[in-house]
Structure formats: structure tokens, C-alpha cells
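Below: one structure, written as C-alpha cells.
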Amino acid sequence: MTGWQAVRRLVPEVLGALVRRYGLFDACEDAVQEALAEAAAQWPVRGWPDNPRAWLVTVASRRLADQVRSDVARRRREEADALRTPPAGEVEADDDTLTLLFLCCHPALTASSQIALTLRAVGGLTTAEIARAFLVPEATMAQRISRAKHRIKAAGAAFELPPPAEQAARLGVVLQVVYLVFNEGYTATSGTRLVKAELTAEAVRLARELHRLVPGDGEVAGLLALLVLTDARRGARTAPDGSLVPLSEQDRTRWDAEAIAEGVALVTETLPRGPIGPYQLQAAIAAVHDEAPTAEATDWPQILALYTVLERVAPNPTVTLNRAVAVAEVRGPAAGLAVVDALSADERISASHHWVSVRAHLLEMAGDIDAARAGYREAARRTTSEPEKRHLLTRAARLA
């Protein structure tokens, strides 16, 4: 772990200390970002402080006091209060990460705002870093984050964990946000890069933190396992020129064996507990892929069985599309095509390049070369990811 990665882990503690004392989430969050910027400017020159957390709390408190107070004496008292030891009964700093995650995933926010605010307030990423990751201007991302903070304020959200009755539902939103952050990093929806490692790394870090804070939750463990097992393949997903390498063609010696062992252990420990949720099932599918020494040795019947259960637990067209691939591997391409074609009326998936590319792949398996080639070209036309576009056009060219 680099020094700055360690600093980012302090962000929830620093922000939590300020918000718990002053309220004013939006002003506190801005103050923490200013403190981080000042640290980035000063520490490489003057050396790292003995206590980075205390330094950040002090500087952020000063910035906050500069914004909302003119009384110097009052500012100094507030700085001292921010550094106080929490009295008995007060939530400790370790719990602030979970509290912040719940706050950033407030139901008043849109999914995109939840992601952006989580990355900034909990992940410690700057507005510029988040904007680059999502390929939008920094000003646009700044407005999105600002609107999110205003909505939280307008909703009257307090800096505290939701009541137990609400936590389960809100935790589901938190997990989804971390999952979406990872997906955007692992397969960017647009732009010239297939992988945005800064997002995948942050999502895995947040999943680890959630698992540490809620160790008994099976879906939290399942999400961590899924991300670890999927990210283990990242090094083999791209060729030296940045082009996409499909799972069946990857050099499996480049997969992270240590990460795979960690993910498999999490799945093995979690699945027997029950009840089984969608992240645990997806993690189990990823484990089957990762444990296969070659593509040909993949246990497709087991994967099909897991997708069948997943489709019952969390039905959605993307799961059905993935199940179609497993059906084709087990029962033949015609059976897989029947599942894919049944989705043609569902605009949530049939309008995407994923549906067209899977159908083209199954047509290729079935020997319908002309239709497969046309499908790959159509999928390339629909995608906004340059690496995926090049991959699909290459597949089409191979069939020419």
C-alpha cells in the first residue's frame, strides 16, 4: 500500500470527526478535500507528519472554521473539540466509514450521484479524478456532487446509521453502489481505456471495509469475493496494445493466484450459511471460472446450475443473457440462441451491444458465419467503448 492509499483510508475518519462535531456535511466534506489538497502540496516537500489523521483533522477544521466562523477563539476551541477522544457511547471512528456510506447512498440521491459522492467522501478521490474516471468535465462532476450534498441537506439526513429496520434495505443500495463502481472500472462503458484501475481498486477497498465492519453479512462477503475473484483476472484482460482479450483466450498464468485463493475461501465460508443472495451466487460463478486450469476445463454444467438459481433469486435480463451462454456450452448453440432470442422483446437488454454480441457469438458457435459477422459489426456500432469496438470488429474480420 502506498502512502497516499493509506491517507485515503483516513478520509472517512477525518470526515466523520468533523461531521459528528459540526454537522454541515457539505461544508465538512469540502474542508476535508481542501486539507487533502494541502497535504499533497506540503508533505512531499516538508515531510510527512507523525500523525497524518490529526494533521488532516486540524487543517480541515481550520478550513471549515474559515468558512463558517470569523471568531478566531471559537475556531481554536472547535479544532480542539474535533480532536477530542470520543466519550463512552459515541460511535468510534471505525464506524464512520459505514455511516458515511449509508449517508452517501441516501435514497434521495440518484444512482450516479450516490457513486460520485461515495468516491469523494469515502474514497477520498478528488472531483477531477472522478470526472476523469467517468469521462465528464470536472465542472459537470462538481455540479453533480454539489447537488447531491444539497439533496442530503434538504432531506434532513443526520450523520448516524439508519434505524435497524432501514439498514438492510439501505445496505443493499450501498453494495450496489460499490458493485457499480467496480463494473465501471473493470469494463469502462466509454472511452479509450477498457480498465480504470483506480476505480476497481477503490471498489475492492470499500468492499473490504464493509466486510470488516459487517463481517457476519453473507452478501457483503459475497460482494467482496466477487470483486476479488473478478479483479484477479484483470492483468490478462488486455493485450499490450490495450485491446480486449476474452476470458476463453486469456493467459491464466497471469491471473492473481493469491486473490483467487482469497475469493474462493470467502465463497466456501459464506455459501453454507444461507440465505444465499445474488452477490454470493455471482461470486460462486466467478470461482468456478477462476479455478478452471483451462477454458476447456470449465465446469459449465455447474455454472449453468448457478445461473439458474441466480435467475430465480434476482431475475433480470443481464442474468438471463449470461445464462444463455452457459446453456449454449452445455446444451448446444441452438438452445442458447433460443434463450437469447426470447429476450428480443425486452428493450432493457435487446438495445444494448451486449445482447447483439452474445447472439453473434452463439451464431458463430452454430456455424452461421455470415450472420455472426454481421452481428459483431452491429455490436461494434452500438458500443461506446473503443477497446470493445476494436475487439468486436476483429472478431468480425476473422470470419471474413
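The values are calculated or read from the model by the stated rules, or taken from the named source; none is laboratory data. Small disclaimer: the values here were computed from a predicted structure and weren't measured. Using ideal geometry, Cβ is built from the backbone for each residue, glycine included, and neighbour counts are taken over all protein chains shown. These area figures cover heavy atoms from the full protein model, side chains too; ligands, DNA and RNA do not enter into them. Shrake-Rupley method; radii C 1.70, N 1.55, O 1.52, S 1.80 Å.
Overview of values
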{"quantity": "Qualifying residue in the stretch 17-27 (condition: open to solvent by less than 30 Å² (accessible area, probe 1.4 Å), closer than 11 Å to Gly124 by Cβ and in contact with a Leu (Cβ under 8 Å, 6 or more places away or on another chain))", "calculated": "no"}
{"quantity": "Residue within the stretch 218-237 that is farther than 24 Å from Glu329 by Cα and of a type in the set (Ser, Thr, Tyr) present", "calculated": "no"}
{"quantity": "Among the candidates Val319, Val358, Val288, Val330, residue that is open to solvent by less than 30 Å² (accessible area, probe 1.4 Å), of a type in the set (A, V, I, L, M) and farther than 21 Å from Tyr179 by Cα", "calculated": "Val358"}
{"quantity": "Residue list for the stretch 291-316, filter: open to solvent by 30 Å² or more (accessible area, probe 1.4 Å), within 30 Å of Glu347 (Cβ to Cβ) and in a loop (DSSP other than H, G, I, E, B)", "calculated": "Pro315, Asn316"}
{"quantity": "Test: residue in the stretch 185-202 that is open to solvent by 50 Å² or more (accessible area, probe 1.4 Å), touching a helix residue (DSSP H, G or I) at 6+ places or on another chain (Cβ under 6 Å) and either at positive phi or not basic (Lys, Arg) (or both)", "calculated": "yes"}
{"quantity": "Hits in the stretch 128-172 - residues which are modelled with pLDDT under 85 and closer than 23 Å to Lys196 by Cβ", "calculated": "Ala128, Glu129, Ile130, Ala131, Arg132, Ala133, Phe134, Leu135, Val136"}
{"quantity": "Pairs, first of a type in the set (S, T, N, Q) in the stretch 177-203, second buried (at least 19 other Cβ atoms within 10 Å of the Cβ) and not in a helix (DSSP H, G or I), C-beta under 6 Å, six or more apart", "calculated": "Ser190/Ser385"}
{"quantity": "Conditions (1) within 20 Å of Thr118 (Cα to Cα); (2) at pLDDT 90 or above; number of the one not met by Ala203", "calculated": "(2)"}
{"quantity": "Selected residue (criterion: modelled with the lowest pLDDT) from residues of the stretch 341-353 that are crowded, with 17+ Cβ neighbours inside 10 Å and closer than 14 Å to Glu311 by Cβ", "calculated": "Ile349"}
